[in-house]
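Input: a single structure, listed below in structure tokens.
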Amino acid sequence: MGDLQSLRVFINCLDQQSLPRILQICSGVYFQGSVYELSGSEVCLSTGDLVKIIGLELLSVSCEEIDTGTSFELPIQHSGVDAFGSFTFISSSELTVDNFTLPAGKQLTLLSVELDEDGERRARCQLVGQNVASAELLLPLSLKGDFYECEGDRSYSLQEITSSVRLSSRRFRSTNVKNSGGPLIFSPVYEIKAIMQMRKDVVKFPSSLEVDVQDVTEQFQNFVFITPLSMAEVASQPKESFPTMAEILDGPEGNQFFNCSWFQELQKGRHLVLHGWGDTPMVLASTPKGRKGKQYFLISQRYGGQMRRRAREFRSVYELFLASSQSPGLKVSVSQDCEEAEEEGIPALSVGEHLEVLGMASVDRHKDESGAAQKVESLICKRTIEVEDEDDEDDEDNSEELALPLFMAGHFVEKLSDNKKYSLTDLMNSSLPLDIKVVTRDKELEKDPLMGLPALKLEETFKETTVLTSLPSKPDLCFELPVHWLQMSLCFTSDHLPWSIGEPPKLHVETVTEVSENFYYEYHKLTSKAEEPPPRPPKRKPSASEAPKKSPKSRPSISLPNLASTMTQQLEDLSLGQTKAKRPPALLPPDNSLVQPPPLFPRKSSSIAESTSQPNMYVTSPSMAQKSARRLSDQDHDYESIDETLKNTHDSIMHY
């Protein structure tokens, strides 16, 4: 049993490598309120209590002026403290060493400690103020006398002083006080983290409390204290410690990451069955935005449902580029017409055209004001145009290469070549992201939340350390607690497991965890940064030598209702099998002799009502529209029918 001493003295002399230590409260009082402000809970240190110290954190330093006895505290970040003679000292009496006499009052600077030929330890010192630089002495450490430290010009921070055994025993003065002030004695103030015999949570209190304690570690080394464990500490326990019972000491209050049913069970005082822990491969998935907003899921590799790949949709060439980097040879269909913008290098695209991504290249575009050609990063694709007449397939080459600038907007749909069912494990080995639809539910789940969703995007895979857990009332229905996303503390208990000895139940694991939007964005904030697509190049100003464009007023016009009626009649004739015309070249108007292509105007971010653009005469070929609709309907897509295509085409014409 250790000697009786104050808590302050014990902590100041404690070697932190020896933790944990068990103390017994013997007597004393402490300042009312000091504990409550630090821990936020009531703590009583009564005589006879056992306290197990598990950690120390330096809070501040208590300073006492030797001359006046005044005490005050300084923050640990405080700097500007001078040491009184850190390395230089004097002897008040004359010293004689090996027939050499050193007068009293001579300053010596300690250089090193060495061993002589006889194995005796000596201090190598240099005489300060001597003309000869090599005037050094070897003084035996056994030499006795009256030695005094000298003032030095070096300053130290409180962190340096409290972390050094040599410096912490010296006297200092503050350099920030006028006239330097008097000598000071420093005493560190620690925040003590401890476990008490009658409490389940970790308590914290300062080492400055006026309490007398005794070290009783040896006498009570087998005493059982309740040990609070974080989720990370639970996952670091030996595998042999599981299964076991546990009690929640502090629940994950304020956590906004989970929308699942088991999260509501994690309340303070609730008991859990911990079956073990491990690193679980998972997939982060999301749904398209719907009436209820987007949903987000963590799907464990154990998920047993079956899935079909679903064609991905892309809204820009940059998205095509990102997808093609993960899936070489990506093939897509154009799902919405795109007008040509020659000054920006944007080619015209029509609904139903097929594109195969070939690679990336820097393409020369228009010249800038200095006459130099600009290079624009573009996606090189092979475009294939389907024809109606099979006899012309051998005579004409229906494919060509074109360059799509990365900044170009567009609407594309992935072309899939299979309709197989896949397990999640199969898809996790593929290049993500992937769009899928669950077609067979996981039969191990009481209710599969993924079944019935119109679409699901598998975004990326990762490994998460999880603790396999269940409730005592349903020990076979397990869920996986993600360690890094739950801030809660548990303690192991000696309660009996909720099954007969040697007859553990067959476990059913809940493999789908719905998470919140906060989790989704916090995850991406920690793991990656989204890349922005390249900006559009600056607009080219037309030179004086270029011929001016014709004024819109001088162009012949066509009545919009008549054009819409013509399109309607053509589609009706096509549906009755009365017409079978070859698809006209892409982006040519129905009658090239009547309508000239509209001039190119600078693009503005204005509404349709304010637009000054001319009517759009680029209309999708009826045969191509029907083929495109028929082809897409064969797949598992929710695309527009031929009637909707006609309606949208008519609306687009009427609003231009």
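Considering only residues of the range 324-341 that are among the hydrophobic types (A, V, I, L, M, F, W, C) and either surrounded by 19 or more Cβ atoms within 10 Å (Cβ to Cβ) or touching a helix residue (DSSP H, G or I) at 6+ places or on another chain (Cβ under 7 Å) (or both), which is farthest from residue 258 (Cα to Cα)? Please lay out each step first, then the result.
Step one: filter the range 324-341 for residues among the hydrophobic types (A, V, I, L, M, F, W, C), giving 330, 332, 334, 338, 341.
Narrowing the set further to residues that are either surrounded by 19 or more Cβ atoms within 10 Å (Cβ to Cβ) or touching a helix residue (DSSP H, G or I) at 6+ places or on another chain (Cβ under 7 Å) (or both) leaves 330, 332, 334, 338.
Values: 330: 36, 332: 36, 334: 38, 338: 42 Å.
So the residue we want is 338.
Which one of these does residue 123 not meet: (1) assigned to a loop (DSSP other than H, G, I, E, B); (2) modelled with pLDDT of 85 or more; (3) among the small types (Gly, Ala, Ser)?
Of the numbered conditions (1) assigned to a loop (DSSP other than H, G, I, E, B); (2) modelled with pLDDT of 85 or more; (3) among the small types (Gly, Ala, Ser), the odd one out for residue 123 is (1).
Taking only the range 231-247 into account, find how many residues are touching a strand residue (DSSP E or B) at 6+ places or on another chain (Cβ under 6 Å) and either β-branched (Val, Ile, Thr) or farther than 27 Å from residue 425 by Cα (or both).
Here is the first cut: in the range 231-247, the residues touching a strand residue (DSSP E or B) at 6+ places or on another chain (Cβ under 6 Å) are 234-235, 242-247.
Remaining after also requiring either β-branched (Val, Ile, Thr) or farther than 27 Å from residue 425 by Cα (or both): 234, 242-247.
Looking only at that region, the number is 7.
Scan the range 446-464 and tell me whether some residue there is surrounded by 15 or more Cβ atoms within 10 Å (Cβ to Cβ), at pLDDT 90 or above and farther than 30 Å from residue 311 by Cα.
Within the range 446-464, not a single residue is surrounded by 15 or more Cβ atoms within 10 Å (Cβ to Cβ), at pLDDT 90 or above and farther than 30 Å from residue 311 by Cα.
Show the residue pairs meeting these rules: Cβ distance below 8 Å; 6+ apart or different chains; first residue within the range 1-28 and under 19 Å from residue 191 (Cβ atoms); second residue aromatic (Phe, Trp, Tyr) and in a loop (DSSP other than H, G, I, E, B).
Close Cβ pairs (under 8 Å, with a partner that is aromatic (Phe, Trp, Tyr) and in a loop (DSSP other than H, G, I, E, B)) amount to 22/220; 22/223.
Out of curiosity, is residue 310 surrounded by fewer than 21 Cβ atoms within 10 Å (Cβ to Cβ), at pLDDT 90 or above and not small (Gly, Ala, Ser)?
Numbers: surrounded by fewer than 21 Cβ atoms within 10 Å (Cβ to Cβ): yes; at pLDDT 90 or above: no; not small (Gly, Ala, Ser): yes.
Judged against the criteria, residue 310 is not a match.
Exactly one condition in (1) under 23 Å from residue 269 (Cβ atoms); (2) hydrophobic (A, V, I, L, M, F, W, C); (3) not in a strand (DSSP E or B) is false for residue 477; which is it?
That leaves (3) as the condition not met.
The values are calculated or read from the model by the stated rules, or taken from the named source; none is laboratory data. Remember, it's a predicted structure, so these values are computed and weren't measured experimentally. Cβ: placed from backbone, ideal geometry, glycine included. Neighbour counts: every protein chain shown.
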